[in-house]
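Chemist: Sharing a structure with you now.
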Amino acid sequence: MNEFQSGLLNELVAVKITTKEEFDKVINFLSINNCFLVNGEPVVKLTYPGDKAFVILKQDNAIFWQPANQVLDERYKVVSVIEFFRPTEEEKVVEAKAEVIEEHVDIDEKHLSLEVQKRPANEAIVSNIDEMVKLIPAIEAKKGVVVDEKNYKDFVKAKTGMVPLYRSYAKKLETERKAVKKAYIEPYQEFEAKVNKVVKALNDTASVVAENVDVFVQKQKEALRKERQAAIDQLKEVLISRKMISKEYADQFVFDEKWLNASTSKKKFEEQVEAQINSLMEKEKNDKLNLEMIEKTITNACLIANVDEQLISREKYQALLNTEGLPKVTEMITDEVDNIKKQSQAVAQQKEAELQHQKEEFEKKQKEAELQHQKEEFEKKQKEAELQHQKELEAVKKQVSQTVENQPKYTPIKRGDETIANVNDKYIVTEIKQTPEKFQGRTWKKTFEFEGDLAALQMLNRYMDVIKNINPTFNFGEVKLTEKELSDPRTGVVNKYNVKEIN
């Protein structure tokens, strides 16, 4: 691209036109470079104004024409079509006997079909080389000559010896071969270089034009995209306003890039847009039904299982709808509710077990405390009894010391070597026994068979009551006589005492 072409595109050059042919060439250049008219249409829509001279220029990014005699802004330089299309120094192809001409040349298959006068396929280079090839066996036979003291100098003698002669012959043949090769290869290399230049020019031009076409097509597609996206947005707004679809689902609409292809008609575009919108509306309807079904499933499952429905995540199962489907999701909900129920039951059982354990521990401690209290009460009573006994002993001793002569003497009662009591005709004095530490907390139940007279029976009941009062762990069934036992065995009549008085 030369400076005038760049100047036209950059709003610095105006091209003077005098013929329809010049007009078409300039318009073609502007079309390749993606230029547009004031109304936004492609530059190819510009009509030819007639044979009167005029200029084409670009202003405010738009192409238009005006009469050649009309005054232009001083920034514009007016050039002819010939100047406008003159190639730059880099673009000029310098060839032997080639001339750059301004006349129009058609670039077509006729002008770009290579014609070469080819050599016959089997034609060889005319020479006597075949005769020399026949000499190879004779030449190689010389390898077997016998070299000795007499002849070795003859073989290497300058100019006449076999060795220098053979090398001289080989050198001359190699020189001739190179000359023949050069004579054949140089025309081909020149031919190849020219073909490569033409091929490069064709490919480079095709690439530039293809790139410009891509840019132009892309601009057309962007314009069409804006137009069709506006139509889609308008349709979405109407449907949203009429509550036929929500904005959330309308925004899921996907623009299909195929709608920008020239093969997609407006009717086909509208049909496909309508089909996608209908699909989104149906999807929203089905999704709402599915969400309602999820909610009902959660509510009913939790109600039946007596589970707090706030423990179930609606969002999780709504998201799973797209990948798992409604039947699978409802199954997953019921499974989760069942698991929560089982976990709750397990927790409740664990809590119940803990409470039972706490209760048992409390009762155990309470019992221990009660036993401790009983022990303390027993020890307290023992101490009180001991004090009382000491007082009584002191009183007895005092009384005895005062009236020894008037008091009966105590007689010791022994069990083996141990004195278990002291008695006289009126009192019995004995030690209050203490339970050894290792037997603390244990009790025994024993049955005794008693036989004796009425005095013995009364003393037994009294002693039992005494033990019961001083030791709370002791209990006994009082031995009472019946009316029959107190009656005369012959007459059956109680003569002196009634049963209540005796017992």
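Read the figures in this text as sums done on the coordinates, not as results from a lab. Computed from a predicted model, the values in this text were never measured in an experiment. Ideal geometry is used to build each Cβ from the backbone, glycine not excepted, and the neighbour counts take in all protein chains shown.
Chemist: Using 27 Å as the Cα-Cα cut-off, could you pick out the over-long pairs in Lys409/Lys438; Lys58/Lys226; Lys221/Lys288?
Modeler: Details: Lys409/Lys438 38 Å; Lys58/Lys226 25 Å; Lys221/Lys288 37 Å.
Over 27 Å apart, Cα to Cα: Lys409/Lys438; Lys221/Lys288.
Chemist: Another question, if that's okay. Ranking request for peptides 360-369, 459-468, 319-328: highest mean number of other beta-carbon atoms within 10 Å first, then the rest in descending order. List each step's numbers first, then the result.
Modeler: Working: 360-369: 10.1, 459-468: 14.0, 319-328: 12.4.
Per-residue Cβ counts within 10 Å, averaged per peptide and sorted highest first, yield 459-468, 319-328, 360-369.
Chemist: Pairing the Cα long axis of helix 20-32 with the longest principal axis of the chain, what angle in degrees results, from 0 to 90 and rounded to the nearest 10?
Modeler: 20 degrees
Chemist: How charged is the neighbourhood of Ala369? Take every other residue with its Cβ under 14 Å from the Cβ of Ala369, and add Lys/Arg as +1 and Asp/Glu as -1. List each step's numbers first, then the result.
Modeler: Values: positive: Lys364, Lys365, Lys367, Lys375; negative: Glu361, Glu363, Glu368, Glu370, Glu376, Glu377.
Its environment carries a net charge of -2.
Chemist: Roughly how compact is segment 3-84, stated as its Cα Rg over 2.2 N^0.38 Å to two decimals? The partial results should precede the final answer.
Modeler: Details: Rg = 11.3 Å, N = 82, 2.2 N^0.38 = 11.7 Å.
Normalised Cα radius of gyration, segment 3-84: 0.97.
Chemist: Residue by residue, what Karplus-based ³J(HN,Hα) values in Hz, rounded to whole numbers, does segment 295-305 have, using 6.51, -1.76 and 1.60 with θ = phi - 60° and x for Gly and Pro?
Modeler: After applying 6.51 cos²θ - 1.76 cosθ + 1.60, I find 4, 5, 4, 4, 4, 5, 4, 5, 5, 5, 8 Hz.
Chemist: Tell me what the chain gives for mean residue ellipticity at 222 nm when only DSSP H runs of n ≥ 4 count, each as -39,500 (n - 2.57), the sum divided by the residue total, rounded to 500 deg cm²/dmol.
Modeler: Details: 14 runs with 277 residues, N = 503.
That calculation yields -19000 deg cm²/dmol at 222 nm.
Chemist: Pairs Lys383/Lys414; Lys433/Lys484; Lys25/Lys200: which are spaced more than 27 Å apart, C-alpha to C-alpha?
Modeler: Working: Lys383/Lys414 25 Å; Lys433/Lys484 37 Å; Lys25/Lys200 23 Å.
Those over the limit are Lys433/Lys484.
Chemist: Could you state the angle between the C-alpha long axis of helix 162-241 and the longest principal axis of the C-alpha atoms of the chain, as a value from 0 to 90 degrees rounded to the nearest 10?
Modeler: It works out to around 60 degrees.
Chemist: Which far-off residues, 5 or more places away or on another chain, put their amide H under 5 Å from the one on Phe64, with H placed in the peptide plane?
Modeler: The list, which skips near neighbours in sequence, is Leu57, Gln59.
Chemist: Calculate I(q)/I(0) for segment 350-394 by the Debye formula, one identical point scatterer on each C-alpha and no solvent, and give its log10 at q = 0.27, 0.29, 0.34 Å⁻¹ to two decimals.
Modeler: -0.85, -0.89, -1.00
Chemist: Which listed residue (Leu321, Ala348, Leu303) has the Cα farthest towards the positive end of the charge dipole for segment 300-368, taking +1 on Lys and Arg C-beta and -1 on Asp and Glu C-beta about the Cα centre?
Modeler: Ala348
Chemist: Let me ask another. Taking a temperature of 4 °C and a viscosity of 1.567 mPa s, what whole-number D in µm²/s does Stokes-Einstein yield for segment 157-257 with Rh from Kirkwood over alpha carbon pairs? It would help to have the intermediate numbers written out before the result.
Modeler: Details: Rh = 21.5 Å.
It comes out at roughly 60 µm²/s.
Chemist: Which loop trypsin sites (Lys or Arg not before Pro) in segment 192-256, with loop taken from DSSP, have no more than 12 other Cβ atoms within 10 angstrom of their Cβ? All intermediate terms of the calculation are to be shown ahead of the outcome.
Modeler: Working: sites: Lys194, Lys197, Lys200, Lys219, Lys221, Arg225, Lys226, Arg228, Lys236, Arg242, Lys243, Lys247; in loops: Arg242, Lys243.
Passing sites in segment 192-256 are Arg242, Lys243.
Chemist: If you don't mind, another one. With Rg and the Kirkwood Rh both taken from Cα atoms, where does Rg over Rh land for segment 39-87? Mind dumping the intermediate values first?
Modeler: Values: Rg = 11.9 Å, Rh = 12.4 Å.
Looking at segment 39-87, the ratio lands at 0.96.
Chemist: Could you work out the relative contact order of the chain? I mean the mean sequence separation of Cα pairs under 8 Å and 6+ apart, divided by the number of residues, in percent.
Modeler: Working: 286 pairs, mean separation 34.9, N = 503.
Relative contact order here is 7 percent.
Chemist: Which residue, chosen from Gln434, Ala230, Cys35, occupies the Cα position most advanced towards the positive end of the dipole of the chain, where the dipole is computed from +1 (Lys, Arg) and -1 (Asp, Glu) charges on Cβ about the Cα centre?
Modeler: Gln434
Chemist: Shifting gears a bit: How large is the charge dipole for the chain, taken about the Cα centre, if only the Cβ atoms of Lys, Arg (+1) and Asp, Glu (-1) carry charge, to the nearest 20 debye? Walk me through the numbers before you get to the answer.
Modeler: On the way: 81 positive and 90 negative charges, 347 e Å.
Magnitude of the dipole: close to 1660 debye.
Chemist: Taking 0.36 nm per residue of sequence separation and subtracting the Cα-Cα distance, how much length would be gained by fully extending the chain between Asp73 and Val199, in nm to one decimal? Could you put the intermediate results ahead of the total?
Modeler: Values: separation 126, 0.36 × 126 = 45.36 nm, distance 4.28 nm.
Gain in length upon complete extension: 41.1 nm.
Chemist: To continue, here is another question. Per 20 Å bin, what percent of the C-alpha pairs of the chain does each bin hold, from zero upward?
Modeler: 11, 16, 13, 13, 12, 9, 8, 11, 7, 0
Chemist: Shifting gears a bit: Whole-Å semi-axes of segment 293-405's equivalent ellipsoid, largest first, each the root of 5 times a Cα gyration tensor eigenvalue? Walk me through the numbers on the way to the answer.
Modeler: Values: eigenvalues 1292, 14, 12 Å².
In descending order, the three semi-axes are 80, 8, 8 Å.
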